[in-house]
1. Could you list, in sequence order, all residues of the range 111-123 that are surrounded by 11 or more Cβ atoms within 10 Å (Cβ to Cβ), in contact with a strand residue (DSSP E or B) (Cβ under 9 Å, 6 or more places away or on another chain) and free of Cβ contacts under 8 Å to residues at least 12 places away in the same chain?
2. Report the residue count in the range 11-26 for those that are exposed (fewer than 14 other Cβ atoms within 10 Å of the Cβ) and under 15 Å from LYS54 (Cα atoms).
3. When the residues of the range 32-52 are narrowed to those that are part of a helix (DSSP H, G or I) and small (Gly, Ala, Ser), which ends up surrounded by the fewest Cβ atoms within 10 Å (Cβ to Cβ)?
4. Pick out the one residue from THR80, THR55, THR29, THR3 that is modelled with pLDDT under 80 and either in a loop (DSSP other than H, G, I, E, B) or on the phi < 0 side of the Ramachandran plot (or both).
5. Go through the range 78-99 and give me each residue that's surrounded by 14 or more Cβ atoms within 10 Å (Cβ to Cβ) and touching a Lys or Arg at 6+ places or on another chain (Cβ under 6 Å).
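The values are calculated or read from the model by the stated rules, or taken from the named source; none is laboratory data. Quantities reported herein were computed from a predicted structural model and do not represent experimental measurements. As a convention, Cβ positions derive from the backbone with ideal geometry for all residues, glycine included, and neighbour counts pool all protein chains shown.
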Amino acid sequence: MMTLSLLIGAIAAYWVYNDARGRGHDLGTALLWSVGTIAALIIFLPLYLLFGRKTPVKSRTREDFIDVEATPVEDSIQCTMCGGKVKEDFKICPYCGFTLKPTCSSCGKELNREWRVCPYCQTPAEHK
């Protein structure tokens, strides 16, 4: 009788170990589940079936990673008026018409929005 219970415990432990390894558990965790199953089959096998089984973890392949340096990134900014995503070199937002980069009406140089006077030609700045 004792031999039969040990044989059933060993078979269950073997199954638990293989199932745990197949489902993504590391070696130590799979061994703990299987040794626990041999020691107390009636306790550890139901616990493993309820809590120990998890979905298999897919190992990451080379294609899963994105090479950031090789991926072209479009330079974009957010329009301060409407929040639309626009290219960094746009002068006016195509969504709301807001002037993104104001220019001097006299010399045509780019101005900061905070400037009241063009520092290049001293013309008063006109912002929309």
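1. Hit for the range 111-123 is VAL117, nothing else.
2. Qualifying residue count, the range 11-26: 3.
3. At the first step, the residues of the range 32-52 found to be part of a helix (DSSP H, G or I) are 32-39, 41-52.
Checking which are small (Gly, Ala, Ser) leaves us with 34, 36, 39, 52.
On the way: SER34: 24, GLY36: 18, ALA39: 11, GLY52: 20.
The selected residue is ALA39.
4. Just a single option satisfies the conditions, and that option is THR55.
5. THR99, the sole residue that qualifies.
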